[in-house]
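Here's the structure we're looking at; comments come further down.
The values are calculated or read from the model by the stated rules, or taken from the named source; none is laboratory data. Everything quoted here is computed from the prediction, not taken from an experiment. Here the Cβ is made from the backbone with ideal geometry for all residues, glycine too, and neighbour counts use every protein chain on show. Remember, those area values only see protein heavy atoms, side chains included, never the ligands or the DNA or RNA. Shrake-Rupley method; radii C 1.70, N 1.55, O 1.52, S 1.80 Å.
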Amino acid sequence: MIDRYEPRSLEEKWQARWAEAGTYRTPSQAERPNFYFLTMYPYPSGNLHIGHWYAVSPSDAAARYRRMRGHNVLFPMGFDAFGLPAENAAIKNKIHPYKWTMANIERMRGQLRSMGAMFDWSREVVTCDPSYYRWNQWFFLKFFEAGLAYRHKAPVDWCPNCNTTLAREQVVGADRRCERCGTQVTKKDLEQWFFRITKYADELLDFSRIEWPERIKTMQRNWIGRSEGAEVVFPVRDVDGVEHPLVVFTTRPDTLWGATFMVLAPEHPLVEALRTPDHRRDVERYVAEAKRQTEIERLSTEHEKTGVFTGSFATNPVNGAAVPIWIADYVLMGYGTGAIMGVPAHDERDFAFARRFALPIPIVIQPEGEPLREPLAAAYDGPGHMVNSGRFDGTPVPEGIGQVIDWLEASGRGKRAVNYRIRDWLISRQRYWGTPIPIVYCPTCGVVPVPEADLPVLLPEDAEFLPTGESPLKHHEGFRRTRCPRCGGEAEREMDTMDTFVDSSWYQCRYLSPHYEAGPFDPVEANRWLPVDQYTGGAEHAVMHLLYTRFFAKAMRDLGLPTSGEPMKRLFNQGIILGEDGEKMSKSRGNVVDPDEQVGKYGADTVRAYLMFMRPWEDGGPWSSRDIEGVARFVRRVWDLALRAAPTAAPADAAALDNLRRRTHQTVKRVTDDFERFAFNTAIAALMEFTNHLFRVRETGGAETPAWPEAIRATILMLAPITPHLAEELWQRTGGTFSVHEQNWPAYDPVLAKPQQVTLVIQVNGKVRDRLTVDADITAEEARTAALASDKVAAQIDGQTVRDVIVVPGKLVNVVLR
């Protein structure tokens, strides 16, 4: 009798042994190539959910596989520890955010260890630790010196009752109210700090040195939004008669002759100067209402087009026409120049606006063939030729765009320009629980950076958290009041803290040397490991974290740090695991799967294997209580297969021995190929098929052949990345030395791994017409296609109708004709 499979005690045993032996300390063998495998670190919310397991378990399996393939693998873990939830918990529970966060980290660290993952915990980073955020401040100072950090006014969501800024998630309801007091939220302009990511806009569009999913690259391209066109100056006089140049950017300067109105963003600095007395009240009311809306709301295609006339006119530079100036909330100050020209005949949005306010819609582009006629039923934005455009009448479009730009430049009416949708990264947060910005404001010296020797600027531990949500730093005199580093006079610290995305923009570098004191990371280690070879995580981070970390890599390179300019060579995005009802997991739906409960019931290895088997990793899908039972049975069958004595049977013959060897090598090849492309579900399916085959072989005497130990050994090694505890136990019990996770991945012989070939008999109406040599594992569809492609079969069909094609796998195909 063999021991019963008891996963919990077995898993605890091996986790303790691995920790004691330092099994997962990053190896540093000179003869082995280095491989940096990284999965996105979690926020310490308090408990790991099944989504964390779905992200981490396959990553761990892939990292283990890479180590078994002969690499020194760096596979670290840490915690993204700053953020608003900790501050909210401090207010609600009257506990300091640091205590709340560190208690959560301790609990989650234990849960991560229960997975059996091979994290090198000696390299752990916790971003709220001063030893980490000191280097956030160091980067800020370096960016400030290089002109990459600057201060500028920008709008924030503001609660006038709580007298504080609000995070996006603190603004609730369609009418945008403060979640704490219910007051309607408005916008307020504050001086805030930015990182100049736009300096790298063109370089961020170059993906030639990274292998990232196409959808991530497309999202980043769209976010950066590079557009080529022209800047055109529309002269305008304000209510006092002073002339101003009103600059617009357009990708379609060929339509300038059709511009019948202009629209300014409500925040445009000229709005106040251009509103005439009889339109003043309407303009002020409209500007106030626009300030209460988010940019997403203002840009929504479902948002009704609104606007008000300022009472002023601009002069169209190409024909001298007076163009009325409106303001509308769908124009944003941060995009382009904050002013657009309205060409309603050839732009859908302008057409809707002109129809709404009864503005002229002249045609200036005619398609070839049937001409457009007024009044238009819809805007036309296709190719054609220019009309009603003076000297350019008849010029083909889009070829004529360049000619118009040349003329604008030659006549001083405009110039070639490139515009970007991306804006600089606003890093200021009016919060406590984040990295303090190392800036001092001195009445004499102005804006003064904190000297590097004085870092870190520490968060005060005795902060008082108010129910309003105001940052405690505003009221902490000991933090706020300081001395100017230059003149020694009285000064005040910057009260804002940094966006937590700063923490995750370079964390992959700190893992290399988390205790290094001479800089943010050891350059020797950086040269060994950077950039990250494989990164895994969610696609939802496409245009924030994944863009910011690319910006940081380029900025660090330009600061002279040893980085290549790209943070990660390869990126893989996993899918999302859903509740059993196919919906996103939530407590209100009652469909949350607790991983701790599942581990208690099945063991970590079964949960890991199920998460890798359930669907392709990139797809995700719903949890299934039924399907995990099937995986649990598979794990128990592997245990029995490796340890239970074979029944008495006559020894297998030479053919059976050869067949077992072939199946072993074929399975190793299949699983190897699947691991290389993260196809864990089909790798496990191949192992299930092989296990079933081994049971059949054992029943017929195959366990007595020399091929049997080889097959069992290969099975255990292939399972090691997927079910690490089970594999370690079976490896030891079958004579292996500690540890299975320090063994090489099983190799396969390409000759043995090649599918065997068989003769496929081809019949037409039951009579043999051809014989084809095909792979033994040919599918039914492949056999059908091969039969119908046969010249001999085609001659028999000769215009007749094929009624049916009957396939007997690996043996024959019968083509039935009418």
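Annotations for the structure displayed:
- Verdict on Tyr24 being closer than 21 Å to Arg528 by Cβ, aromatic (Phe, Trp, Tyr) and in a loop (DSSP other than H, G, I, E, B): yes
- The residue of segment 618-627 that is most open to solvent (accessible area, probe 1.4 Å), among those that are more than 15 Å from Phe680 (Cβ to Cβ) and either touching a Lys or Arg at 6+ places or on another chain (Cβ under 6 Å) or in a helix (DSSP H, G or I) (or both), is Arg626.
- The listed residue being farther than 22 Å from Pro520 by Cβ, touching a residue at least 60 places away in the same chain (Cβ under 8 Å) and not β-branched (Val, Ile, Thr), out of Arg134, Arg113: Arg113
- Unique residue being of a type in the set (Lys, Arg), within 32 Å of the chain's Cα centre (by Cα) and at pLDDT below 95 when the list is Arg215, Arg292: Arg292
- Taking first residues from segment 796-818 that are without any contact (Cβ under 8 Å) to a residue 24 or more places away in the chain and partners that are open to solvent by 80 Å² or more (accessible area, probe 1.4 Å) and assigned to a strand (DSSP E or B), the Cβ contacts under 8 Å between residues at least 6 apart in sequence or on separate chains come to Arg818/Arg803.
- Selection of helices (runs of 4 or more DSSP H) fully inside segment 480-563 by the criterion of at least 3 residues being open to solvent by 10 Å² or more (accessible area, probe 1.4 Å) and either touching a Cys at 6+ places or on another chain (Cβ under 8 Å) or over 19 Å from Ser428 (Cα atoms) (or both) returns 523-529.
- Test: residue in segment 239-261 that is over 21 Å from Pro362 (Cβ atoms), open to solvent by less than 20 Å² (accessible area, probe 1.4 Å) and assigned to a strand (DSSP E or B): no
- Tyr602 modelled with pLDDT of 95 or more, under 13 Å from Ser505 (Cα atoms) and open to solvent by 10 Å² or more (accessible area, probe 1.4 Å): no
Table: residues versus (1) open to solvent by less than 50 Å² (accessible area, probe 1.4 Å); (2) outside any loop (DSSP other than H, G, I, E, B); (3) aromatic (Phe, Trp, Tyr).
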site: Arg391; (1), (2), (3): no, yes, no
site: Asp406; (1), (2), (3): no, yes, no
site: Gly412; (1), (2), (3): no, no, no
site: Lys415; (1), (2), (3): no, yes, no
site: Ala453; (1), (2), (3): no, yes, no
site: Phe465; (1), (2), (3): yes, no, yes
site: Gly469; (1), (2), (3): yes, no, no
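- Test: residue in segment 349-363 that is farther than 30 Å from Gly394 by Cα, touching a residue at least 12 places away in the same chain (Cβ under 8 Å) and open to solvent by 30 Å² or more (accessible area, probe 1.4 Å): yes
- Which listed residue, of Lys199, Lys153, is assigned to a helix (DSSP H, G or I), without any contact (Cβ under 8 Å) to a residue 60 or more places away in the chain and open to solvent by 90 Å² or more (accessible area, probe 1.4 Å): Lys199
- Members of segment 557-586 that are more than 22 Å from Gly538 (Cα to Cα) and of a type in the set (Ser, Thr, Tyr): Thr563, Ser564
- Segment 762-778, subset assigned to a strand (DSSP E or B) and aliphatic (A, V, I, L, M), residue most open to solvent (accessible area, probe 1.4 Å): Val768
- Condition check for Glu580: out of contact with any helix residue (DSSP H, G or I) (no Cβ under 7 Å at 6 or more places or on another chain) and acidic (Asp, Glu): no
- If you check Gly320, Gly336, Gly369 for being part of a loop (DSSP other than H, G, I, E, B), open to solvent by less than 50 Å² (accessible area, probe 1.4 Å) and at positive phi, only one passes: Gly336.
- When segment 202-237 is filtered for residues that are open to solvent by 90 Å² or more (accessible area, probe 1.4 Å) and assigned to a loop (DSSP other than H, G, I, E, B), the ones remaining, listed by number, are Ser208, Arg209, Arg226.
- Residues that are in a loop (DSSP other than H, G, I, E, B), farther than 21 Å from Arg25 by Cα and not aliphatic (A, V, I, L, M), drawn from segment 90-132: Lys94, His96, Thr127, Cys128, Asp129
- Qualifying positions in segment 418-436 - of a type in the set (D, E, K, R) and not in a loop (DSSP other than H, G, I, E, B): Arg429
- Scanning segment 283-317 for residues that are under 26 Å from Val156 (Cα atoms) and in a strand (DSSP E or B) yields a count of 2.
- Each residue in segment 103-116 was checked for being open to solvent by 40 Å² or more (accessible area, probe 1.4 Å) and touching a Lys or Arg at 6+ places or on another chain (Cβ under 8 Å), and 0 of them qualify.
- Among the candidates Ala632, Ala655, Ala645, the residue that is small (Gly, Ala, Ser) and either within 28 Å of Thr536 (Cα to Cα) or open to solvent by less than 40 Å² (accessible area, probe 1.4 Å) (or both) is uniquely Ala632.
- Here Arg608, Arg615, Arg670 are screened, and the one residue that is within 30 Å of Arg570 (Cα to Cα) and either acidic (Asp, Glu) or assigned to a loop (DSSP other than H, G, I, E, B) (or both) is Arg615.
Residues checked against (1) touching a strand residue (DSSP E or B) at 6+ places or on another chain (Cβ under 6 Å); (2) within 29 Å of His545 (Cα to Cα):
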position	(1), (2)
Asp406	no, no
Ser411	no, no
Ile427	yes, yes
Gln430	yes, yes
Tyr441	yes, no
Glu461	no, yes
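- Condition check for Ser9: among the hydroxyl-bearing types (Ser, Thr, Tyr), more than 30 Å from Phe465 (Cα to Cα) and without any contact (Cβ under 8 Å) to a residue 24 or more places away in the chain: yes
- Within the set Ala30, Ala19, the sole residue that is open to solvent by 20 Å² or more (accessible area, probe 1.4 Å), of a type in the set (A, V, I, L, M), part of a helix (DSSP H, G or I) and out of contact with any Asp or Glu (no Cβ under 7 Å at 6 or more places or on another chain) turns out to be Ala19.
One line per residue, one yes/no per condition, for (1) open to solvent by less than 30 Å² (accessible area, probe 1.4 Å); (2) without any contact (Cβ under 8 Å) to a residue 40 or more places away in the chain; (3) under 21 Å from Ala539 (Cα atoms):
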residue: Asn47; (1), (2), (3): no, no, no
residue: Ala62; (1), (2), (3): yes, no, yes
residue: Met77; (1), (2), (3): yes, no, yes
residue: Leu84; (1), (2), (3): yes, no, no
residue: Thr101; (1), (2), (3): yes, no, no
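- Segment 732-742, residues that are part of a helix (DSSP H, G or I) and within 17 Å of Ala16 (Cα to Cα): Gln732, Val740, His741, Glu742
- Some residue of segment 75-89 being part of a helix (DSSP H, G or I) and more than 28 Å from Gly579 (Cα to Cα): yes
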